[in-house]
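**Q** My questions will all concern the structure given below.
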Amino acid sequence: MDAFSIQGGQRLTGHISVDGSKNAALPLLATSLLTDEPIQFNDVPELSDIENMMHLLNELGCTSKRSGDRIETQTTDMSQSHARYDIVRTMRASVCVLGPLLAKRGKVRVSMPGGCSFGDRPINLHLRGLEALGAKIHLEGGDIVARCDRLQGATIFLGGPFGSTVLGTANVMSAATLAQGKTIIESAACEPEIADIAKLLNAMGAKISGAGTPRITIEGVDELGGATHTVMPDRIVAGTWAIATAMTNGDVLIDRFPLDHLLAVTDILSSVGVHVHQTDLSQEATSCTVQVLSERNLKPVMFTTQPYPGFPTDLQAQMMALLCLSKGNSIITEKIYPERFMHVPELSRMGARLVKQGSTVMVQGVDCLIGAPVMASDLRASASLIIAGLAAEGETIVSRAYHLDRGYAKMEETLSSLGANIKRIDDTQVVEGLPVVNTLSTKKLVQTDS
């Protein structure tokens, strides 16, 4: 099994570009099941989740072929409608095939989804929305089984106890494109990934308005065609690179940075002492070049994760790592997934001072972090450990690198290009799980005044 070995203390400098969004690409690929015409996707990152989705589509009769960052899909066999557990268990976004299969083929069997393990994430809102469109749904042997003759437009409320559902909105919106009549989704997810999916569906012939707002209106059509679509930049990857730069007191230019989609993040970063400047104001702020610089004295902050346009839960762990080196006490409250704190004990192994109370963590800033063997538990928690390792004294070993491969394409290569001392290793190279720690004093970053 792969692991990452990081020798901390290197300041990140250089120029990189943000890949296409994983969270947009997965449901975008699933829309291929709504038509038998070819679709071309550009700027699709090379991630294990993407490869798993392509494998799933192939099993469902939709061929997919990758060439660089381009993927071409076309449905050639509509006889299969079972998304098996062996594939679905690897990623939660597999549930996105539910709506398209139901709308196009009238029947679907999808295993209950897997993905990262940081608390309960029920899909009842997906099922409620599809039932409102006329689907008959029941559970059988751990699978969701749904049938319909033709879906019928309806007014659907998709609000839940922790806000709207992104994948649920994608599922219901995609299904409603082929429903008879008008569908209104109230309390829809406002994330930019939903607007990106609607952009593709409209290019395929759908009639969707309001995507990116709490109310989406869909006028059903009889059929959808092919299209070419460029996947939006990944706002979570972009935010991760910005925080990694700040963690090492770096100076990095980032292309295809979705500044407009990260205003809550850049606002908090500014309060901490990290500056994200758009270098060319003539560029669209949804995909522009920015320069990331940080002050040497980081300030503590308070923030709460919220649905878009609030601070994204997918950047909570990375921001926590940065605040470990701030001068004072920070308060982080998790409102989306209250149990999403599996990185807390691992960061503590590196010398972080963290106090968890329910859905809140108090971060007591320290002068430095110390390299240690830590274990990746989920995708974004793993990214926070990598970020912490970049600034820690000595060597950090992050095991279970496969978590990071789900959402960051060749992360070690990107960071190495910026000057980080990081490499991918076989974890059998780590004797008894203990890395050899570099005892030489490493220059302290971020927290010094010099």
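**Q** Where the second residue is surrounded by fewer than 21 Cβ atoms within 10 Å (Cβ to Cβ) and the first is small (G, A, S) and lies in segment 95-107, which pairs have Cβ atoms under 8 Å and are six or more apart or on separate chains?
**A** Pairs that qualify, where the first residue is small (G, A, S) and the partner is surrounded by fewer than 21 Cβ atoms within 10 Å (Cβ to Cβ), are G106/R147; G106/D149; G106/R150.
**Q** To continue, here is another question. Exactly one of (1) in contact with a Pro (Cβ under 9 Å, 6 or more places away or on another chain); (2) among the hydrophobic types (A, V, I, L, M, F, W, C); (3) under 30 Å from M375 (Cα atoms) is unmet by M54. Its number?
**A** The failed condition is (1).
**Q** Something else about it: Mind listing just one residue for me: the one in segment 255-313 that is of a type in the set (A, V, I, L, M, F, W, C) and in contact (Cβ under 8 Å) with a residue 60 or more places away in the chain and, of those, farthest from G239 (Cα to Cα)?
**A** The initial filter retains those residues of segment 255-313 that are of a type in the set (A, V, I, L, M, F, W, C), namely 257, 259, 262-265, 268-269, 272, 274, 276, 281, 285, 288, 290, 292-293, 298, 301-303, 311.
Checking which are in contact (Cβ under 8 Å) with a residue 60 or more places away in the chain leaves us with 257, 298.
Details: F257: 9, L298: 17 Å.
The qualifying residue farthest from G239 (Cα to Cα) is L298.
**Q** Anything in segment 317-353 that is part of a strand (DSSP E or B), over 22 Å from the mean Cα position of the chain (by Cα) and buried (at least 21 other Cβ atoms within 10 Å of the Cβ)? List them, or say none. Don't jump to the end; show me each part of the working.
**A** Our first condition is that a residue be part of a strand (DSSP E or B); within segment 317-353, this holds for 329-333, 353.
Now narrow it down to the ones that are over 22 Å from the mean Cα position of the chain (by Cα): 329-331, 353.
Once the filter is applied, which keeps residues that are part of a strand (DSSP E or B), over 22 Å from the mean Cα position of the chain (by Cα) and buried (at least 21 other Cβ atoms within 10 Å of the Cβ), segment 317-353 yields only S330.
**Q** Among the residues of segment 354-375, is there at least one that is among the basic types (K, R), modelled with pLDDT of 90 or more, in contact with a helix residue (DSSP H, G or I) (Cβ under 6 Å, 6 or more places away or on another chain) and surrounded by fewer than 16 Cβ atoms within 10 Å (Cβ to Cβ)? Full working, then the answer.
**A** Looking only at segment 354-375, we keep the residues that are among the basic types (K, R), and these are 356.
With modelled with pLDDT of 90 or more added as a condition, the list becomes 356.
Then keep just the ones that are in contact with a helix residue (DSSP H, G or I) (Cβ under 6 Å, 6 or more places away or on another chain); that gives 356.
Filter once more, keeping what is surrounded by fewer than 16 Cβ atoms within 10 Å (Cβ to Cβ): 356.
Within segment 354-375, one or more residues are among the basic types (K, R), modelled with pLDDT of 90 or more, in contact with a helix residue (DSSP H, G or I) (Cβ under 6 Å, 6 or more places away or on another chain) and surrounded by fewer than 16 Cβ atoms within 10 Å (Cβ to Cβ).
**Q** State whether the residues of segment 360-378 include one that is of a type in the set (D, E) and in contact with a strand residue (DSSP E or B) (Cβ under 9 Å, 6 or more places away or on another chain). Before you say what the answer is, go through the steps one by one.
**A** Quick first cut of segment 360-378, residues of a type in the set (D, E) only: 367, 378.
Now drop any that are not in contact with a strand residue (DSSP E or B) (Cβ under 9 Å, 6 or more places away or on another chain), which leaves none.
Looking through segment 360-378, none of the residues is of a type in the set (D, E) and in contact with a strand residue (DSSP E or B) (Cβ under 9 Å, 6 or more places away or on another chain).
**Q** Quick one: would you say H229 is within 26 Å of L47 (Cα to Cα), surrounded by fewer than 24 Cβ atoms within 10 Å (Cβ to Cβ) and not charged (D, E, K, R)? Steps first, please.
**A** Details: within 26 Å of L47 (Cα to Cα): yes; surrounded by fewer than 24 Cβ atoms within 10 Å (Cβ to Cβ): yes; not charged (D, E, K, R): yes.
Here the answer is yes, as H229 does meet what is asked.
**Q** Within the bounds of segment 402-421, is there any residue that is at positive phi, without any contact (Cβ under 8 Å) to a residue 24 or more places away in the chain and assigned by TED's automatic domain parsing to the domain that holds D251?
**A** From segment 402-421, those at positive phi are 410, 419; that's our starting set.
After this cut, where a residue has to be without any contact (Cβ under 8 Å) to a residue 24 or more places away in the chain as well, the list is none.
Within segment 402-421, not a single residue is at positive phi, without any contact (Cβ under 8 Å) to a residue 24 or more places away in the chain and assigned by TED's automatic domain parsing to the domain that holds D251.
**Q** Every residue in segment 16-29 that is outside any strand (DSSP E or B) and of a type in the set (A, V, I, L, M), please. Walk me through it before giving the result.
**A** Kept after step one, since they are outside any strand (DSSP E or B), are these residues of segment 16-29: 18-19, 21-29.
Once the filter is applied, which keeps residues that are outside any strand (DSSP E or B) and of a type in the set (A, V, I, L, M), segment 16-29 yields V18, A24, A25, L26, L28, L29.
Here's the yes/no breakdown for (1) part of a loop (DSSP other than H, G, I, E, B); (2) among the polar types (S, T, N, Q); (3) in contact with a His (Cβ under 8 Å, 6 or more places away or on another chain):
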| site | (1), (2), (3) |
| --- | --- |
| Q10 | yes, yes, no |
| G14 | no, no, no |
| T31 | no, yes, no |
| F41 | no, no, yes |
| H55 | no, no, no |
| D86 | no, no, no |
| T90 | yes, yes, no |
| A93 | no, no, no |
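**Q** Continuing with the same structure: Name the residues in segment 174-199 that are closer than 16 Å to M232 by Cβ, in contact with a strand residue (DSSP E or B) (Cβ under 9 Å, 6 or more places away or on another chain) and either in contact (Cβ under 8 Å) with a residue 40 or more places away in the chain or not assigned by TED's automatic domain parsing to the domain that holds S32 (or both), would you?
**A** Quick first cut of segment 174-199, residues closer than 16 Å to M232 by Cβ only: 189-199.
Going one step further and asking which of them are in contact with a strand residue (DSSP E or B) (Cβ under 9 Å, 6 or more places away or on another chain), we end up with 189-190, 194-199.
Answer for segment 174-199, where residues must be closer than 16 Å to M232 by Cβ, in contact with a strand residue (DSSP E or B) (Cβ under 9 Å, 6 or more places away or on another chain) and either in contact (Cβ under 8 Å) with a residue 40 or more places away in the chain or not assigned by TED's automatic domain parsing to the domain that holds S32 (or both): A189, C190, D196, I197.
**Q** Could you please let me know if D49 is of a type outside the set (V, I, T) and either assigned to a loop (DSSP other than H, G, I, E, B) or in the same structural domain as E413 (by TED's automatic domain parsing) (or both)?
**A** Working: of a type outside the set (V, I, T): yes; either assigned to a loop (DSSP other than H, G, I, E, B) or in the same structural domain as E413 (by TED's automatic domain parsing) (or both): no.
When the stated conditions are applied, D49 does not pass them.
**Q** If you don't mind, there's one more thing I want to ask. Report whether or not I87 is assigned by TED's automatic domain parsing to the domain that holds S187, within 26 Å of M375 (Cα to Cα) and without any contact (Cβ under 8 Å) to a residue 60 or more places away in the chain. Break it down into steps so the answer makes sense when it comes.
**A** On the way: assigned by TED's automatic domain parsing to the domain that holds S187: yes; within 26 Å of M375 (Cα to Cα): yes; without any contact (Cβ under 8 Å) to a residue 60 or more places away in the chain: yes.
So I87 passes the test.
**Q** In addition: Does segment 336-351 include one or more residues that are in contact with a His (Cβ under 7 Å, 6 or more places away or on another chain), modelled with pLDDT of 95 or more and not hydroxyl-bearing (S, T, Y)? I'd like the intermediate steps shown before the answer.
**A** Residues of segment 336-351 that are in contact with a His (Cβ under 7 Å, 6 or more places away or on another chain), as a first pass: none.
Scanning segment 336-351 turns up no residue that is in contact with a His (Cβ under 7 Å, 6 or more places away or on another chain), modelled with pLDDT of 95 or more and not hydroxyl-bearing (S, T, Y).
The values are calculated or read from the model by the stated rules, or taken from the named source; none is laboratory data. Since we're looking at a predicted model, the values are computed, not measured. A quick note on method: Cβ atoms are made from the backbone with ideal geometry, for glycine too, and the neighbour counts reach across all protein chains shown.
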